[in-house]
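So the structure is just underneath, and the comments pick up after that.
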Amino acid sequence: MHMKRFLCCLLMAVLTVGFGMQAAAKEKQFTLKSPNNKLVSHIVATAENEITYDIVYDGVTIMLPSHLGMNRVYDKGVNGSMAVSKSAKRTVDETVPSPFTRQATMRNCYNELTLQVGKDLCVVFRAYNEGIAYRYEVLRPCNVRFEKVEYNFAGDYRATVPYVTSFDANKGHETQYMSSFENLYTTTQLSKLDERRLCFLPLLVHAPHGVKVCLTESTLTDYPGLYLKGMGDAGRLEGEHAPYPKTLEQGGHNNLQMLVKEREEYIAKVDKLSVLPWRIAMVAKNSAELAMNNMSYLLGEPCKVADLSWIKPGKVAWDWWNNWNIGGVDFKAGINNDTYKHYIDFASQYGIEYVILDEGWAVNKKADLFQVVPEIDLPMLVQYARERNVGLILWAGYYAFDRDMEHVCQHYSEMGIKGFKIDFMDRDDQMVTQFYKRAADMCAKYHLLVDFHGAFKPAGLNRTYPNVLNFEGVAGLEQLKWAPETWNQVQYDTELPFIRQTSGPMDYTQGAMHNGAKGCYSPCWSEPMSQGTRCHQLALYVVLESPLNMLCDSPTNYKKEPEYTRFVTGIPTVWDETRVLQGEVGEYIVTARRKGNTWYVGGITNWTERDIVVDLSTLGSSERIELYSDGVNANRKGSDYRYSVEKMQGTQKALQVHLAPGGGFMAKMTVK
């Protein structure tokens, strides 16, 4: 009898671990610490059946108690209670493969707390050394009417946020749910954020003492994406989700989109046992550490593709940005067989793995990927490319791809097409996030690569489906075909690695050969240019992550500088190791990436001219470094650059580099 009583008491102790001294008063307290004990979250199940959590970093409170909750509708009514019935803890420390990313493997180390809420819901918290995350596990079908997401920071900190661009003050938030997720960043106090405008993720909060907090999400595959908005008071952000579509209408860009005409009164339908997205607060002691955060990838669901041998990242000769603008040929350039054979020949000559056929190869406004324009003979081009060791990728509008997905994938896979660039989703309600997963899965079935354009941030899908190599969700170089002179792309470039890139790879499409020094930029659709120097563009091939990496400019322009072009095309697109050596959000960054025993070190600056010293001592020993740096007149002519071979003598381990305004550099070194 005594033994039974002892076992019963022991079981109750396990189920109530961490409840604290106030359990009798129905307030249950839990403490969750990161493996290195620097990050702490106090999680409280209140007497009012609510849950709050805070974030303390290195003894300093960064985020005050913030509420979370979910209003869900079951067949027997509405349940919004967050009353905790039991809890459990565990610790995980493992190494996971991370193919086609910034490094070959990643350490997945965290402490976890699971709270069961009644009989139908669990809330799971994880504490990494790099941040705090939580998510819901829904244990039976329901409709989610509302999710409470709150970040109640301990002060009126500065924030760097991307507002949704589609804003109409007279129509509330409805117009903002249709978004390409592309905008420059706005930096201001949390209390001064425009309450009428939604911010998409990731976004950055600048805490005291240089600490950075980046907010994002992962495992976004069956739930609407999260927006955050300022509330007008000091330090508080609240979440919002696009409601579930009720009525859709084909339309939008070239009739390739589905426009929401009416929405339901709930944000998500949960038809089975489901895990919802992770809410992530990445926490770093400085900017360089933040740029190395891997939580978004690690919190994605594990890989579901058994055979990865067919997945081949690489460079892409891209047609759309340079407007099919080739010269010195005896045929009329455009969307036709001769033009694409020219691109294929160029790719073959320089060892470029792919050529993309962007918008125009399929008949316009038909949303039918089986109607090919008469100027294009796809089977012939596939064969022509195959003979030259080049693969072809096809552009596809969202609705055209979705309406007959398996037939499209099977047909073009059998023809020899290597992948799809799927564009103009421009939403992240639950219906569209489900599409991403279905498209990734279907393309994996038929051994097709995926580049999601017109897309939200990666959110872990590239871990689950490694054939998904790229996402847009970035105001990339395409903006400079039409952006006004006031557009500050160079500033944006020095913010991206610390914010958007924390969520994963991006289809930024660098590689411009016409480079505008400060004050020299002007938009041009047919012959576009970049902002900043040539070496700024070159360094972006290392600073930014893109396993399927575009050469955006014309083959004609690249062929004028063959040595430079061969250097660019020789830069790997996936890596064994990555280190961010130094940097500051919105100022500059220096990133080192290794493939085999060769390091590429790239750095960019904003419009501030600067001299930097790069410590190479941790990368290994090398006597010879190839260096591309800004030319002496790069502040006047952006395309001016200098190539040199630096001899590292004796104990010399530092590289001194001058960066022009909007400048950059690239170093290549093979270590012993």
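The values are calculated or read from the model by the stated rules, or taken from the named source; none is laboratory data. It should be emphasised that the depicted structure is a prediction, and the values quoted were computed from it without experimental measurement. All Cβ positions, glycine included, derive from the backbone under ideal geometry; neighbour counts span all protein chains shown. Ligands, DNA and RNA are excluded from the accessible area calculation, which covers all protein heavy atoms including side chains. Shrake-Rupley method; radii C 1.70, N 1.55, O 1.52, S 1.80 Å.
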Restricting attention to region 307-328, which residues are free of Cβ contacts under 8 Å to residues at least 40 places away in the same chain and over 15 Å from Y340 (Cα atoms)? D307, S309
Please determine, by comparing only the residues of region 601-623 that are in contact with a strand residue (DSSP E or B) (Cβ under 6 Å, 6 or more places away or on another chain) and not aliphatic (A, V, I, L, M), which one is most open to solvent (accessible area, probe 1.4 Å). D611
Being part of a loop (DSSP other than H, G, I, E, B) and aromatic (F, W, Y) is the requirement here; does F370 meet it? yes
Kindly evaluate D630 against the criterion of being within 32 Å of the chain's Cα centre (by Cα), under 26 Å from Q491 (Cα atoms) and crowded, with 16+ Cβ neighbours inside 10 Å. yes
Going through region 87-113 in order, the residues found to be surrounded by 15 or more Cβ atoms within 10 Å (Cβ to Cβ), more than 18 Å from R463 (Cα to Cα) and either among the polar types (S, T, N, Q) or modelled with pLDDT under 95 (or both) are S87, N111
Which residues, taken from region 183-204, are charged (D, E, K, R) and assigned to a helix (DSSP H, G or I)? K192
Checked E217, E238, E195 against criteria (within 22 Å of the chain's Cα centre (by Cα) and more than 30 Å from A439 (Cα to Cα)); the one match is E238
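Yes or no, residue by residue, for (1) assigned to a loop (DSSP other than H, G, I, E, B); (2) not basic (K, R):
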site	(1), (2)
N254	no, yes
V283	no, yes
S296	no, yes
E301	yes, yes
V305	yes, yes
W310	yes, yes
K332	yes, no
T339	no, yes
Residues of region 352-379 satisfying the condition of being open to solvent by 50 Å² or more (accessible area, probe 1.4 Å) and within 18 Å of R566 (Cα to Cα): E353
Is it fair to say A483 is over 30 Å from A306 (Cβ atoms), buried (at least 23 other Cβ atoms within 10 Å of the Cβ) and small (G, A, S)? no
For region 138-147, the count of residues that are assigned to a strand (DSSP E or B) and over 24 Å from the mean Cα position of the chain (by Cα) equals 6
Those residues that are open to solvent by less than 20 Å² (accessible area, probe 1.4 Å) and in a strand (DSSP E or B), I need them from region 151-162; list them, please. Y151, F153, A159, T160, V161
Under 7 Å between Cβ atoms, at least 6 apart or on separate chains: pull out the pairs that start in region 224-248 with a residue that is at positive phi and end on any residue that is open to solvent by less than 10 Å² (accessible area, probe 1.4 Å) and not polar (S, T, N, Q). G235/F153; G235/L190
Residues of region 556-566 being within 26 Å of T494 (Cβ to Cβ) and surrounded by fewer than 18 Cβ atoms within 10 Å (Cβ to Cβ), in sequence order, are E561, Y564
Which is in contact with a helix residue (DSSP H, G or I) (Cβ under 8 Å, 6 or more places away or on another chain), within 30 Å of G314 (Cα to Cα) and in contact (Cβ under 8 Å) with a residue 40 or more places away in the chain, of S87, S98? S98
Given (1) of a type in the set (S, T, Y); (2) modelled with pLDDT of 95 or more; (3) assigned to a strand (DSSP E or B); (4) open to solvent by 20 Å² or more (accessible area, probe 1.4 Å), identify the lone condition not met by S180. (3)
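Every residue, every condition in (1) touching a Phe, Trp or Tyr at 6+ places or on another chain (Cβ under 9 Å); (2) open to solvent by 40 Å² or more (accessible area, probe 1.4 Å); (3) hydroxyl-bearing (S, T, Y); (4) under 28 Å from T160 (Cβ atoms), yes or no:
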{"site": "R236", "(1), (2), (3), (4)": "yes, yes, no, yes"}
{"site": "G239", "(1), (2), (3), (4)": "yes, no, no, yes"}
{"site": "K246", "(1), (2), (3), (4)": "no, yes, no, no"}
{"site": "A268", "(1), (2), (3), (4)": "yes, no, no, no"}
Q430 vs (1) surrounded by fewer than 21 Cβ atoms within 10 Å (Cβ to Cβ); (2) touching a residue at least 40 places away in the same chain (Cβ under 8 Å): all pass except (1)
Scanning region 163-177 residue by residue, those open to solvent by less than 50 Å² (accessible area, probe 1.4 Å) and within 24 Å of G586 (Cα to Cα) turn out to be Y163, V164
Restricting attention to region 633-643, which residues are open to solvent by 50 Å² or more (accessible area, probe 1.4 Å) and either under 18 Å from I571 (Cβ atoms) or in contact with an Asp or Glu (Cβ under 8 Å, 6 or more places away or on another chain) (or both)? N633, N635, Y641, R642, Y643
Would you tally the residues in region 460-504 being outside any loop (DSSP other than H, G, I, E, B), β-branched (V, I, T) and within 22 Å of T216 (Cβ to Cβ)? 3
Of all residues in region 302-345, which are over 23 Å from L449 (Cβ atoms) and among the acidic types (D, E)? D330, D338
Flag for A133 being modelled with pLDDT of 95 or more, part of a strand (DSSP E or B), closer than 27 Å to V305 by Cα and open to solvent by less than 10 Å² (accessible area, probe 1.4 Å): yes
For strands (runs of 3 or more DSSP E) lying entirely in region 525-625, having 1 or more residues that are under 21 Å from the mean Cα position of the chain (by Cα) and not β-branched (V, I, T) picks out 548-551, 577-584, 588-595, 598-605
Check on I417, more than 27 Å from R263 (Cα to Cα) and not in a helix (DSSP H, G or I): yes
Outside any loop (DSSP other than H, G, I, E, B), open to solvent by less than 50 Å² (accessible area, probe 1.4 Å) and either of a type in the set (G, A, S) or more than 29 Å from V490 (Cβ to Cβ) (or both): which single residue out of C122, C214 fits that description? C122
